Structure formats: structure tokens, C-alpha cells
1. I need every pair where a residue in the range 44-64 that is of a type in the set (S, T, N, Q) has its Cβ under 7 Å from the Cβ of a residue that is crowded, with 17+ Cβ neighbours inside 10 Å and assigned to a helix (DSSP H, G or I), sequence separation at least 6 or different chains.
2. How many residues does the range 120-131 contain that are exposed (fewer than 13 other Cβ atoms within 10 Å of the Cβ), of a type outside the set (Lys, Arg) and either touching a Lys or Arg at 6+ places or on another chain (Cβ under 6 Å) or over 15 Å from Ala58 (Cβ atoms) (or both)?
3. Filter the range 68-103 down to residues that are aromatic (Phe, Trp, Tyr) and outside any loop (DSSP other than H, G, I, E, B) and give me whichever is farthest from Thr117 (Cα to Cα).
4. I need every pair where a residue in the range 5-20 that is touching a residue at least 12 places away in the same chain (Cβ under 8 Å) and not assigned by TED's automatic domain parsing to the domain that holds Pro39 has its Cβ under 7 Å from the Cβ of a residue that is of a type in the set (Phe, Trp, Tyr) and outside any loop (DSSP other than H, G, I, E, B), sequence separation at least 6 or different chains.
5. Looking at this structure, is Thr117 at pLDDT 95 or above, surrounded by 12 or more Cβ atoms within 10 Å (Cβ to Cβ) and in contact with a helix residue (DSSP H, G or I) (Cβ under 9 Å, 6 or more places away or on another chain)?
6. Got at least one residue in the range 70-82 being at pLDDT below 95 and among the polar types (S, T, N, Q)?
Amino acid sequence: MKYLSRQATVKGGRDGHITTPNGSLDLAMAKPEEMGGAPSQKTNPEELFVAGYVACLASSFEFLAGKMEASYDALEVSGNIDLQDNEALGGFEFAVQVTFTIQGMDDATKTKLVEQTFNFCPFSRAIQGNVTVSHTIQ
């Protein structure tokens, strides 16, 4: 059973424009300086990926904490993404570092919930075995 469905369209490549039909996303993209682009405040696929991933992790944590009736005062999930060469595959691959900052919860519960979050999050399941993911809990 489908829970929800969303759509996005990119016109152009790294210097393209990404939109959604409902207008909730309307962003210009630019090739990062590291890839030969000019300095820019525009986004890129890597930023969009890591933003979606940490948002999904935060949402999954919130959902699972609610099911466990585990309370906390504040939650912040941040991520860094690296695009790196993979000569064996003849292209690139991602490595992601995630930091969970959770206030008002004991360490054992934090650790348990974060582990469950990675197993529950659809982004995590989609990239499992394809993207190196490391994390820290504060």
C-alpha cells in the first residue's frame, strides 16, 4: 500500500533548476567549486541528498521515540556528505557522517533509539550496502 508519493523535476544538470509541482521546492543548482564551478550560494545534489537523509533520520527518531513513549527535550540531526572516487566502480560514491544531538534523554535510550532509527529510516535502508555511513551521538 502506497503511503505517499511526491515528484520533483530537474531541468538541466548540475547547473540546472529543481522544482516540485506544488511549488514547495524551487531551487537553482550550481556545480560546486570543487568540480570546477564558480563560487555560488546555489545548492547541489549532494546537499539535497544529505538534507533529505538527515530529515528522514530525525523524523524516524521522533516516530520511534513516540512509539516507545521516550521523551526528550531537543533533537538535532546533522550530516556531512563526501563524494569520493571509486575506481573499482568507475565512478563516484558517497560517504556520510551523521551527528545526533539529543537533549533530555539518558545515554542508553539514545543509543538504542539511534540504532533503531537507522534500521527504520527508508533512506538508510535504501542506501544500505552502497553508502558508507558513520554516526556519533551527543
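The values are calculated or read from the model by the stated rules, or taken from the named source; none is laboratory data. Everything quoted here is computed from the prediction, not taken from an experiment. Here the Cβ is made from the backbone with ideal geometry for all residues, glycine too, and neighbour counts use every protein chain on show.
1. Ser60/Thr117; Ser60/Phe120
2. Matching residues across the range 120-131 total 4.
3. Looking at the filtered set, the residue picked out is Phe92.
4. Pairs that qualify, where the first residue is touching a residue at least 12 places away in the same chain (Cβ under 8 Å) and not assigned by TED's automatic domain parsing to the domain that holds Pro39 and the partner is of a type in the set (Phe, Trp, Tyr) and outside any loop (DSSP other than H, G, I, E, B): there are none.
5. Judged against the criteria, Thr117 is a match.
6. Checked the range 70-82: no residue is at pLDDT below 95 and among the polar types (S, T, N, Q).
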